[in-house]
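> Have a look at this one before I ask anything.
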Amino acid sequence: MTARLLLLIILAQIALVSGQIFLKHGMNFTQTENMRYSPIIRNISAGILALTIWFLLWMGLMQKLDLSYLYPFEGMSPVLLVIATCIILKEKLDLRSWAGVCLIALGTFIVGTS
Amino acid sequence: MNSEQTPKNSASAELALPTGWLNPYLHLAINGLLVTVSELMLKCGAMETIKPDASLLLNIFGFSTLGSWWVWGGIACYILGFINWLHILRWIPLSLAFPLTSVVHVLIPLGSWFFLGEYINPMRWLGIALIIAGIWFIAKPLMWSEEAL
């Protein structure tokens, strides 16, 4: 695997994580505001844009690499996303849920590489 | 009666989760099914439309698959899944909802095995079991708190 492909994989992961965080940040406003509130529209649009970039990068990677190379990174995405969510959105996660996230990542890794 | 119009209290007060058909945990389960169904439909459509002699451009982007109704069904399920996902995000913390969507890594292999006749080796069964265990770890306390309400 070349450095360029690795960089593309990292970019795709960043796009996925930031897209989901934009969506969640936007939807958090819906607790207190109606759907026309402009920060909601702005965040959801940014989320859709980031997820579109993720989708295109990921499709391109799938054409170049075997799924068994890519799946371990797919397995990492819940871990990366949960870490980013705790830092950026200040969500709290207990130890039990962290254990669950790690089991899911390991399981996805095995499903992908077996 | 007009509880919809009353201004909702900020931060401190937690809003009650919607119940019945709008329950976000029900929608999380529906989301897993929608994504699985759309992946299986896309796979059916992709297999149905293989044309080895199509032009390079059509092959690279998979445009030829758009001729299949399976593919359009899959796309429709994906869009429904996205709307569904926004509803989930409104109520459930992202750090819980996103790991739980990994259920598709269980449902898709099972669906491919059951409907498409693909083979699952023992190692893959182990991975599926680990994912189910992880989901159980996250979901069990949530079910507990739901029962307490």
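> Starting from the range A:23-51, keep only residues that are assigned to a helix (DSSP H, G or I), then list their pairs with residues that are modelled with pLDDT under 85 and among the aliphatic types (A, V, I, L, M) whose Cβ atoms are within a distance under 7 Å, requiring at least 6 positions of separation or different chains.
Once the first residue is assigned to a helix (DSSP H, G or I) and sits in the range A:23-51, its partners that are modelled with pLDDT under 85 and among the aliphatic types (A, V, I, L, M) give A:GLN31/B:LEU15.
> Oh, and also: Any idea how many residues of the range A:1-17 are free of Cβ contacts under 8 Å to residues at least 40 places away in the same chain and either assigned to a helix (DSSP H, G or I) or in contact with a helix residue (DSSP H, G or I) (Cβ under 7 Å, 6 or more places away or on another chain) (or both)?
At the first step, the residues of the range A:1-17 found to be free of Cβ contacts under 8 Å to residues at least 40 places away in the same chain are A:2-4, A:6-7, A:10, A:14.
In the following step, the residues that additionally are either assigned to a helix (DSSP H, G or I) or in contact with a helix residue (DSSP H, G or I) (Cβ under 7 Å, 6 or more places away or on another chain) (or both) were identified as A:3-4, A:6-7, A:10, A:14.
Qualifying residue count, the range A:1-17: 6.
> Among the residues of the range B:128-143 satisfying the criterion of being more than 15 Å from A:VAL82 (Cβ to Cβ) and without any contact (Cβ under 8 Å) to a residue 12 or more places away in the chain, which is nearest to the other protein chains (Cβ to nearest Cβ)?
Among those residues, the one meeting the criterion is B:LEU130.
> Can you name every residue in the range B:101-124 that is touching a Pro at 6+ places or on another chain (Cβ under 9 Å) and more than 7 Å from chain A (Cβ to nearest Cβ)?
From the range B:101-124, those touching a Pro at 6+ places or on another chain (Cβ under 9 Å) are B:101-102, B:118, B:120, B:124; that's our starting set.
Answer for the range B:101-124, where residues must be touching a Pro at 6+ places or on another chain (Cβ under 9 Å) and more than 7 Å from chain A (Cβ to nearest Cβ): B:THR101, B:GLU118, B:ILE120.
> Continuing with this model, one more query. Return the residues of the range A:58-114 that are in contact (Cβ under 8 Å) with a residue 12 or more places away in the chain, within 8 Å of another protein chain (Cβ to nearest Cβ) and either touching an Asp or Glu at 6+ places or on another chain (Cβ under 9 Å) or not in a helix (DSSP H, G or I) (or both); say none if nothing qualifies.
Of everything in the range A:58-114, those that are in contact (Cβ under 8 Å) with a residue 12 or more places away in the chain, within 8 Å of another protein chain (Cβ to nearest Cβ) and either touching an Asp or Glu at 6+ places or on another chain (Cβ under 9 Å) or not in a helix (DSSP H, G or I) (or both) turn out to be A:VAL82, A:THR85, A:LEU89, A:THR108, A:PHE109, A:GLY112.
The values are calculated or read from the model by the stated rules, or taken from the named source; none is laboratory data. What you are looking at is a predicted structure, and each value in this text was computed from that prediction instead of being measured. A quick note on method: Cβ atoms are made from the backbone with ideal geometry, for glycine too, and the neighbour counts reach across all protein chains shown.
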